[in-house]
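K.L.:
This is the structure, below, for whatever I ask next.
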Amino acid sequence: MSDRSSFLVGDHLPGIVLPDAAGAPFDVMGQAIASRPRLLLLGPAPEDAGALEALARDAGALLVLVEQRAPDGALRPGPARIFDAEGKLFRALGLAEGGVAVVSPRGRLGFAARAEDAAAGLRAAIASLPAPAPAPPVRRGGAPVLLVPDIVEPEMIAALLAHWERGEKQKDRVAGGADAAAANRIKRRADVFLDDRALYETFQARLMRRVVPEMTRAFRFMPSSYEVPRIGCYDESDLGAFEAHRDNRTPFTAHRRFAMSLNLNTGEYEGGQLRFPEFGPDLHEPPAGGAAIFGCDMLHEALPVTKGRRFAIFTFFTDAEGAKQEQAMIRQRMAAGQQGLAMR
Ligand SMILES: O=C(O)CCC(=O)C(=O)O
Ligand SMILES: [Fe+2]
């Protein structure tokens, strides 16, 4: 377990391995069970464990009882029982007094709540599970884009949009400060840097808890830094768009490894989706609060917004080597008298 005091609903969870009744390790993220939601009932084992197990099974989930004591050595039929003598998992899930938690198939904390009554708690947890998907599409191609939903919650989206409203807009600027007329040919977007320290730090916490673990799992990429995020608005008034480009083709951007586009609204505009023309015609539009993450070498474009306004927040991640490259580039720019961005 991580030493993080407590995970928020939506956070990616680390490995959870605890002893079963016989003292053998039970891996809550293990490959035999990871495809199903796991309902963790934390507290003394209930009397009606069999009925509760059936309740979970009917919802396509797996019930795991987590008791706060040493393994009791008693092998019983019924749901898996694991033992957290020190209460580490209880505390990590923010349920020091017990309750119900859901580990989603994605490996995130999907739900966590106190429960006076085990059955009622499990029902509430089951109600939080997403509805089963309609017939899944068979994909025969497509771009290697990582789509991560629910990174930023509605309150934080509102705070980010308010920051954009207040902020100084940089129109059509591409990294390195190419003149606006040239840049305007490919980018039509009004950007505001996330230079508010408190908001920046909250946003960073979301990245660390919800994005970085996903990038590590999907791409084996462990970022060592990322650029100050910018909130951008594509507006119908100038057919806001970012035409086909790669994100690391200038001396100012060569350090970039992965890009993230996190949508702050959807359904309020037409057009505006992301496309990766090297990989076919598919359009990508993460739900509000969710992001598309992709390698900076991939050609991509944000299609023109033909109605309304699309807001999103953007950043670029790099690794240790790229960070050195970036620092050298920043030193050169400072030596040439260019100012960096100051946090407020
Ligand atoms: O609008 C988008 O989602 C893509 C933005 C983009 O490609 C960029 O900022 O470099
Ligand atoms: Fe881009």
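K.L.:
Test of understanding: in a Gaussian network model of the chain with alpha carbons linked when under 10 Å, which of R310, R230, R331 would top the mean-square fluctuation ranking?
P.N.:
With Cα springs under 10 Å in the chain, the top fluctuation among R310, R230, R331 is at R331.
K.L.:
Ordering K169, K307 by how much accessible area each has at a 1.4 Å probe, largest first, what is the list?
P.N.:
K307, K169
K.L.:
List the residues of the stretch 156-171 whose backbone N lies under 17 Å from a point placed 7 Å from the Cα of A342 along the Cα-to-Cβ direction.
P.N.:
Taking a point 7 Å out along Cα→Cβ of A342, the residues of the stretch 156-171 whose backbone N falls under 17 Å are 168.
K.L.:
If you find the alpha carbon centre of the stretch 195-238 and of the stretch 1-68, how far apart are they in angstrom?
P.N.:
30 Å
K.L.:
Here's another thing I want to ask about it. Along the stretch 198-206, what does the Karplus equation 6.51 cos²θ - 1.76 cosθ + 1.60 (θ = phi - 60°) give for ³J(HN,Hα), rounded to whole Hz, x for Gly and Pro?
P.N.:
Couplings: 5, 5, 4, 5, 5, 4, 4, 4, 5 Hz.
K.L.:
By a straight-distance test (C-alpha under 17 Å), which aspartates and glutamates pair with K324 as possible cross-link partners, with residues fewer than eight away in the same chain excluded?
P.N.:
Result set, ordered by chain and number: E227.
K.L.:
Which order do R36, R140, R108, R91 take when ranked by solvent-accessible area (1.4 Å probe, heavy atoms of all protein chains), largest first?
P.N.:
Solvent-accessible surface, decreasing: R140, R91, R36, R108.
K.L.:
Top to bottom by accessible area (1.4 Å), largest first, where do M334, M343 land?
P.N.:
Details: M334 110, M343 55 Å².
The residues order as M334, M343, largest area first.
K.L.:
Suppose the chain between R91 and R197 were pulled fully straight at 0.36 nm per residue; how much longer would it get relative to their current alpha carbon spacing?
P.N.:
35.3 nm
K.L.:
State in Å² the accessible area per residue of the chain; use a 1.4 Å probe, count heavy atoms of protein chains only, and round to the nearest integer.
P.N.:
49 Å²
K.L.:
On the full set of protein chains, 1.4 Å probe, figure out the accessible area of K88 and give it in Å² to the nearest 10.
P.N.:
110 Å²
K.L.:
Roughly how tilted is helix 49-58, in degrees to the nearest 10 and between 0 and 90, from the longest Cα axis of the chain?
P.N.:
Roughly 40 degrees between the two axes.
K.L.:
At a 1.4 Å probe, what is the % contribution of carbon and sulfur to the accessible area of the chain?
P.N.:
Working: 9160 of 16970 Å².
The computed percentage sits at 54.
K.L.:
Also, I was wondering about something else. Tell me the GluC sites (Glu not before Pro) within the stretch 50-124 that lie in a loop according to DSSP and have at most 15 other beta-carbon atoms within 10 Å. Don't jump to the answer; show the numbers that get you there.
P.N.:
Values: sites: E53, E67, E86, E97, E116; in loops: E86, E97, E116.
Listed in order of number, the matching sites are E86, E97, E116.
K.L.:
Oh, and also: With all protein chains present, calculate the accessible area of D72 using a 1.4 Å probe and round the result to the nearest 10 Å².
P.N.:
Rounded to the nearest 10, that gives 50 Å².
K.L.:
Mind checking which lysines have their Cα closer than 22 Å to the Cα of K169? Skip sequence neighbours fewer than 8 apart in that chain.
P.N.:
K187, K307
K.L.:
Under a Cβ-only charge scheme (Lys and Arg +1, Asp and Glu -1), can you give me the dipole magnitude of the chain about the Cα centre, in debye to the nearest 20?
P.N.:
Details: 42 positive and 43 negative charges, 176 e Å.
Result for the chain is approximately 840 debye, rounded to the nearest 20.
K.L.:
Taking the dipole about the Cα centre of the chain, with the C-beta of Lys and Arg at +1 and of Asp and Glu at -1, give me whichever of A244, G232, G167 is farthest to the positive side.
P.N.:
The residue sitting farthest along the positive end of the dipole is A244.
K.L.:
For the chain, what does the helix formula give at 222 nm: sum of -39500 (n - 2.57) over DSSP H segments with n ≥ 4, over the residue count, nearest 500 deg cm²/dmol? Before the final figure, lay out the partial values.
P.N.:
Values: 8 runs with 76 residues, N = 344.
Calculated at 222 nm, the ellipticity per residue is -6500 deg cm²/dmol.
K.L.:
Of L109, L65, F83, whose Cα points farthest to the positive end of the dipole of the stretch 17-127 (charges on the beta-carbon: +1 Lys, Arg; -1 Asp, Glu; origin at the Cα centre)?
P.N.:
Result: L109.
The values are calculated or read from the model by the stated rules, or taken from the named source; none is laboratory data. For clarity, every value in this text was computed on a predicted model and none was experimentally measured. Every residue, glycine as well, gets a Cβ built from its backbone with ideal geometry; the counts of neighbours run over all protein chains shown. Please note that ligands, DNA and RNA were not included when accessible areas were found on the heavy atoms of the full protein model with its side chains. Shrake-Rupley method; radii C 1.70, N 1.55, O 1.52, S 1.80 Å.
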